[in-house]
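The values are calculated or read from the model by the stated rules, or taken from the named source; none is laboratory data. Fair warning: this is a prediction, and the values are worked out from it, not measured in the lab. Positions of Cβ are backbone-derived with ideal geometry, glycine not excepted, and every protein chain shown enters the neighbour counts. The area values use the complete protein model at the heavy-atom level, side chains included, leaving out ligands, DNA and RNA. Shrake-Rupley method; radii C 1.70, N 1.55, O 1.52, S 1.80 Å.
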Amino acid sequence: MAQVLDIAGNDDIPEGEAVVVPGEDNETGKDIAVFHAEDGEFYALDDNCTHETASLADGWIEGDRVECPLHATEFCLRTGKVMSLPATESTFTHKVEVVDGRVLLHPGEAVSDAVRK
Ligand code: FES
C-alpha cells in the first residue's frame, strides 16, 4: 500500500494555485506539485518540467493544463501528457483526492488515465 500524505485542507490552496511537496517528504524522492485547478479539482504532477529545470508549481493554470514558467510548454493536469513544445516528454501524474476536507496525496500512484512514462 502506497504512502498517503495529508498535505493541506482543501481551502488552504486557492483555486489557480499550487503547493510543492518536497521529494524528501514523499517516497518518490522527487518534488511533487499539487494544483488546485479552476474547475475545483486537485491534480498532482512531478514538479520539475521535463524540458529543463523549472517548477511547474510556479507556472500558470489554464483549464486542465499548466504552462511551464520558463519556456511555456503546457502539460495536461489530468494525464501528464505534454501538449506543446519545447518539451517533448510527458510527466508523471500522482493520484490526489479530497476526503473530509483534506487533500490527500498518493505519491507514486498514477491516476488511471495518466500517460505512462
Ligand atoms: S523548462 Fe519547461 S518548457 Fe523549458
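Based on this model, can you work out whether Arg65 counts as under 14 Å from Ala18 (Cβ atoms), under 11 Å from the mean Cα position of the chain (by Cα) and open to solvent by 20 Å² or more (accessible area, probe 1.4 Å)?
Criteria met by Arg65.
Tell me, which strands (runs of 3 or more DSSP E) wholly within the stretch 3-93 include 1 or more residues that are within 15 Å of the ligand (Cβ to nearest atom) and of a type in the set (Lys, Arg)?
Ranges flagged: 65-67.
Matching residues to (1) at pLDDT 95 or above; (2) aromatic (Phe, Trp, Tyr); (3) surrounded by 21 or more Cβ atoms within 10 Å (Cβ to Cβ):
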residue	(1), (2), (3)
Val4	yes, no, no
Glu38	no, no, no
Pro69	yes, no, no
Cys76	yes, no, yes
Lys81	yes, no, no
Thr93	yes, no, yes
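Taking the conditions exactly as written (at pLDDT 95 or above, over 16 Å from Glu38 (Cα atoms) and surrounded by fewer than 19 Cβ atoms within 10 Å (Cβ to Cβ)), does Val99 satisfy them or not?
Yes, satisfied.
Go through the stretch 18-36 and give me each residue that's touching a residue at least 12 places away in the same chain (Cβ under 8 Å) and either within 11 Å of the chain's Cα centre (by Cα) or open to solvent by less than 60 Å² (accessible area, probe 1.4 Å) (or both).
Passing the criteria: Ala18, Val19, Val20, Val21, Asn26, Thr28, Asp31, Ile32, Ala33, Val34, Phe35, His36.
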